[in-house]
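Values in this text are rule-based calculations from the coordinates and carry no lab data. Values in this document were obtained by computation on a predicted structure and should not be read as measured data. Glycine also receives a Cβ, built like all others from the backbone with ideal geometry; neighbour counts cover every protein chain displayed.
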Amino acid sequence: MRPLPIVWDPGYSPAFPANHRFPMAKFGHLKDWVDAHVPHTELYRPTPCPIEVVSAVHAHDYVEGFQAGTLDARAFREIGLPWSEGLAARTILALGGSLLTCQLALESGLASHLAGGTHHAHHARGSGFCIYNDLAVCARYLTGEGLASRVLIFDCDVHQGDGTAALLDEHAGSFTCSIHAEKNFPARKVESDLDVHLPDGMGDADYLAVVMETLESVLVSWRPDFVIYDAGADVHVDDALGRLSVTTEGLKSRDLQVIRRIREVGIPCATVIGGGYDPDPKRVAARHGVVIQAAAEVMARS
C-alpha cells in the first residue's frame, strides 16, 4: 500500500487576526485533521518558490512590492488580507508547496497539497484573498521545464477562476476549466477555455453529474498529460461564501470520483484545496480534508 505524498508546512498559518473573514488557522487544523483521519500519507516540506519562477507569470514589480509590503493601499484592499512579514513568507512558501506537489505527482502519480488553489490572482494584482496564482505558475513551470505538455486545470472551487483564465489565456500548453456558481464572485468573469456556470442551490446529484460529465468531456477532447485539481470546499451547503447546496457526502463523492477517473486513465494528478470559509477554522478544515482522504484512498488502491 503506497502512501500518499502530502505537502504542508507550519508556516502556512502565520499570526493573523482571529476575526478575519479568511480562516488562516485552517491550514494548521487541516494537518491535524489529516493526521487523525487519513492513514498512509508521507509528509514533504516545501521550500519557497524561486522569485524568477513567480516572475515568469506575475509582474516583477508586483512580486517585489508584495514581498516588501510596499504596494499601495488599494492593491492590499483588493487582495483582502492584512500584510505582514509572516504572510509574505507564507505566500512564497505555499507557492513552492504547489510546485513540489506537482513534482511529487509526476513521480508517484498522485500528490496532495494542504493549501493552494489561489485562482483569483492576476498578472500584476491580487484579488479575493489570492496573491500569486499557483495554478498558473505550476502550469507554466511544468510545460516550460518539459515535464508536461498538456496541463489541465480542473477547477471546482465555487468561485470562477478568473485569474487563471487570464494568465493562461494564450498558453497553448494548458486548458482552463472552471465549474462554479454563476452568481458568485467575481462579478466580472474572465473567459476560461471552458466555463460551466451553475445555478444557486444546486445539490449533490445534479452537481456530481455536471462535474463528471465535464471532466470526461475534457479528458476525451483535450487529452491532458497532467491535471491540477482545485478541490474547492466552498461548494459546501454551509460555506460562508458559497451559493451551492452540496453536502459533505457530495463533497466526498466528487473528490473520490474525480481523482479516481483521472488516475484510471493514467494521468498524474496534483490536488490543491481551493476555497473554504467558515467562522470555525476546524470545521472548514474538516471539509478540506475530504480531498486528502479521497486521494489517499485512490492511492491505496492503485
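Here are the numbers for this structure:
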quantity: Projected area, mean over directions - the chain, Cα convex hull, nm²; calculated: 13.3
quantity: H197-R2 pseudo-label distance in nm [points 7 Å out on the Cα-to-Cβ vector]; calculated: 4.1
quantity: Contour minus Cα-Cα distance for S55 and D225 (0.36 nm per residue); calculated: 58.7 nm
quantity: Cα-based convex hull, the stretch 155-302, per residue volume (Å³, whole number); calculated: 99
quantity: Selected from R77, R261, R140 as most flexible by GNM, with the chain as the system and alpha-carbon contacts under 10 Å; calculated: R77
quantity: Among S84, S217, S149: highest mean-square fluctuation, GNM of the chain, C-alpha pairs under 10 Å; calculated: S217
quantity: Compactness of the stretch 51-188 as Cα Rg over 2.2 N^0.38 Å, two decimals; calculated: 1.01
quantity: Per-pair calculated FRET efficiency, R0 = 30 Å: H123 and E264 via Cβ, rounded to 0.05; calculated: 0.25
quantity: Over the stretch 182-302, relative contact order from alpha-carbon pairs under 8 Å, at least 6 apart, %; calculated: 27
quantity: Residues K31, K282, K183, K26, sorted so that the one with the fewest Cβ neighbours within 10 Å comes first; calculated: K183, K282, K31, K26
quantity: Counting all C-alpha pairs of the stretch 1-120, share separated by more than 21 Å (%); calculated: 43
quantity: Relative pair counts by distance (%), Cα atoms of the stretch 120-235, 5 Å bins; calculated: 2, 12, 23, 25, 20, 12, 5, 1, 0
quantity: Residue exposure sequence - D61, D234, D9 - by fewest surrounding Cβ within 10 Å; calculated: D61, D9, D234
quantity: Residue-by-residue Karplus 3J(HN,Hα) for the stretch 284-289, coefficients 6.51, -1.76, 1.60, Hz, glycine and proline x; calculated: 6, 4, 5, 5, 5, x
quantity: Candidates P14, P224, P50: whichever shows maximal mean-square fluctuation once the chain is modelled as a Gaussian network with Cα springs under 10 Å; calculated: P50
